[in-house]
Amino acid sequence: MENQKNIKWIIVLLVAVALGFGFYLFGPQADDRTVAVNVIEKIENKDLNFSFSYESGETALSSMETLQNQPNDTSLLKMYVLMESKSLDEFNKAKEEGQGREAPPSISVLVFDKASSSEAQNATSSSSFDKIKQWASDNSQFTSLNLAQGTIEEVKIDGASAIHYKADGLYPQDVYVVRYGKKMYLFVGQYLEEGDYMQTSYKKLIETVVFD
């Protein structure tokens, strides 16, 4: 009989604990413990033969495929812009309140139709490096090649020929120009200072670029 009483008390205690834990999870105070969850977002565009990934979330990046006053260029096929979510929210709030301020640093990914450019005709050399550099020079309004600092490197991005350089501007810029198939791909990473979140995120994005 004593054992049965003990078992009953144990069951009652377990039920009470379970109910208390459920209230803790779903009760009024639950909202106070809500945390922002960041995820890895993949942008895949089969029509443009490439993909890339980035960290998305309230404490990470936000993506926009188009912007107001997008450059009017017939060879520009697509433009993606990533900004730190918090900075973007602050910028939009200031804009709504009529406060003029510069846009925060961004990561831009632009795709161009190479066939409509003069890159092939203007290049005096048949090397990929010279052709890409010539295209970047012809499109310096996007590439900021005229503001390049230091050495222009010949590199590969997922096996595709590319050039890489740093450039001056409103913010320091890290630039990759890639030639793949009949398209040119431009990756521009702006940041405030070396090693900050935007520069780190840009480097991680570049590592995820895949051409198909």
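Here, each number is a calculation from the coordinates, and none is a lab measurement. What you are looking at is a predicted structure, and each value in this text was computed from that prediction instead of being measured. Here the Cβ positions follow ideal geometry from the backbone for every residue, glycine too, while neighbour counts run over all protein chains shown.
FRET efficiency for Glu153 and Asn49, Cβ-Cβ distance as r, R0 = 22 Å, nearest 0.05? After rounding, the FRET efficiency stands at 0.40. Shown for the range 35-211 is the translational diffusion coefficient from the Stokes-Einstein equation, using the Kirkwood radius over Cα pairs, a temperature of 10 °C and a viscosity of 1.306 mPa s: 94 µm²/s. In terms of its alpha-carbon gyration tensor, the range 143-212 comes out oblate; a/c meets the 1.5 threshold, while b/c is at least as large as a/b. A Förster distance of 25 Å, applied to the separation of the beta-carbon atoms of Lys95 and Asp196, puts the FRET efficiency at 0.60. Sites listed here are GluC sites (Glu not before Pro) in the range 169-212 whose DSSP assignment is loop and whose Cβ has at most 16 other Cβ atoms within 10 Å: Glu193, Glu194.
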